[in-house]
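> This structure is in structure tokens; I'll ask about it shortly.
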Amino acid sequence: MLWSVAYTSSLDKAGAQQPPPAAEPYAPSAMTVSRQRKQQPPLPPDIAEPLPSAIRPPEPWEQPAPYTIQLEPPSIYRVAISVESDAQLQERIRQENRERKIPERVVFPNDPVISTETYQGRKFYPTRLEVAPYYLCHGRLYFQQINLERYGWDLGVFAPLISGTKFLYDFVTLPYHLATEPCRRFEYNTGWCLPGDPVPLLLYPLHVSPTGFVAEVGTILALVAIFP
């Protein structure tokens, strides 16, 4: 009896000194995992994912086209060189319609008869077109003050005096100007500025002409002989 009590007390001390054993992790068996997987409900299908074609009918745009779509561009001969008449175009459309999987009925309207008379064309009365040139041909000007009369210079109170002096000078030298270039009887306004253009005040020199000099001297001698 004493031995059993001592043995029991020694076991109690040893059990108090040693820590309790750690619990082993629970590992479910294959049968338990399979049962748990079988018990899980199936996930609902994703809304964005389309259903298989065997379940739903095909949409209109998913059905095959009844005709073949030409993806290659037409050749340069067909676009630029080849010119088809209306009859050739209609025949080509008929041939292309026959090549379709589901051919359709192609009917072209009849061309309306506009007129049975021959086109005579448009007839106009003959007209004459007059074009004003950019230049002017006129006779020679023997009395002209270019700065005041042509280009519009205004010298104030001196303008009448200068114009009168220039007129007397042109009258005295009229034989000289008449004999200068006697074969040229016309003048053109080409090379001159237009009236009103901003032209500076210029002093134009005398045109030296041997024929004009002879005519001027001869006129003076004739006047002296006639009116001594």
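> How many of the residues making up region 174-228 are part of a helix (DSSP H, G or I) and not hydrophobic (A, V, I, L, M, F, W, C)?
Going residue by residue through region 174-228, those that are part of a helix (DSSP H, G or I) are 174-179, 210-226.
From what is left, the residues that are not hydrophobic (A, V, I, L, M, F, W, C) are 175-177, 210-212, 216, 218-219.
The total comes to 9.
> I've got another one for you. Here's a check for you: in region 117-161, which residue that is under 44 Å from the mean Cα position of the chain (by Cα) and of a type in the set (D, E) is farthest from C193 (Cα to Cα)?
Step by step, filter region 117-161, then rank; the result is E117.
> Looking only at residues in region 61-107 that are touching a Lys or Arg at 6+ places or on another chain (Cβ under 9 Å) and outside any helix (DSSP H, G or I), which one is modelled with the highest pLDDT?
Filtering region 61-107 down to residues touching a Lys or Arg at 6+ places or on another chain (Cβ under 9 Å) leaves 64-68, 84, 97, 106.
With outside any helix (DSSP H, G or I) added as a condition, the list becomes 64-68, 84, 106.
Details: P64: 67, A65: 65, P66: 63, Y67: 63, T68: 67, E84: 80, V106: 84.
Of everything passing the filter in region 61-107, V106 is modelled with the highest pLDDT.
> Assigned to a helix (DSSP H, G or I), aromatic (F, W, Y), over 55 Å from the mean Cα position of the chain (by Cα) and surrounded by 12 or more Cβ atoms within 10 Å (Cβ to Cβ), is that true of F171?
Numbers: assigned to a helix (DSSP H, G or I): yes; aromatic (F, W, Y): yes; over 55 Å from the mean Cα position of the chain (by Cα): yes; surrounded by 12 or more Cβ atoms within 10 Å (Cβ to Cβ): no.
Here the answer is no, as F171 does not meet what is asked.
> Can you tell me which of C193, C183 is under 30 Å from T211 (Cβ atoms) and under 44 Å from the mean Cα position of the chain (by Cα)?
Details: C183 fails: under 44 Å from the mean Cα position of the chain (by Cα).
Matching residue, one of C193, C183: C193.
The values are calculated or read from the model by the stated rules, or taken from the named source; none is laboratory data. Note that the coordinates shown come from a computational prediction; the quantities given were computed from them, not determined experimentally. Cβ atoms come from the backbone with ideal geometry, glycine included; neighbour counts cover every protein chain shown.
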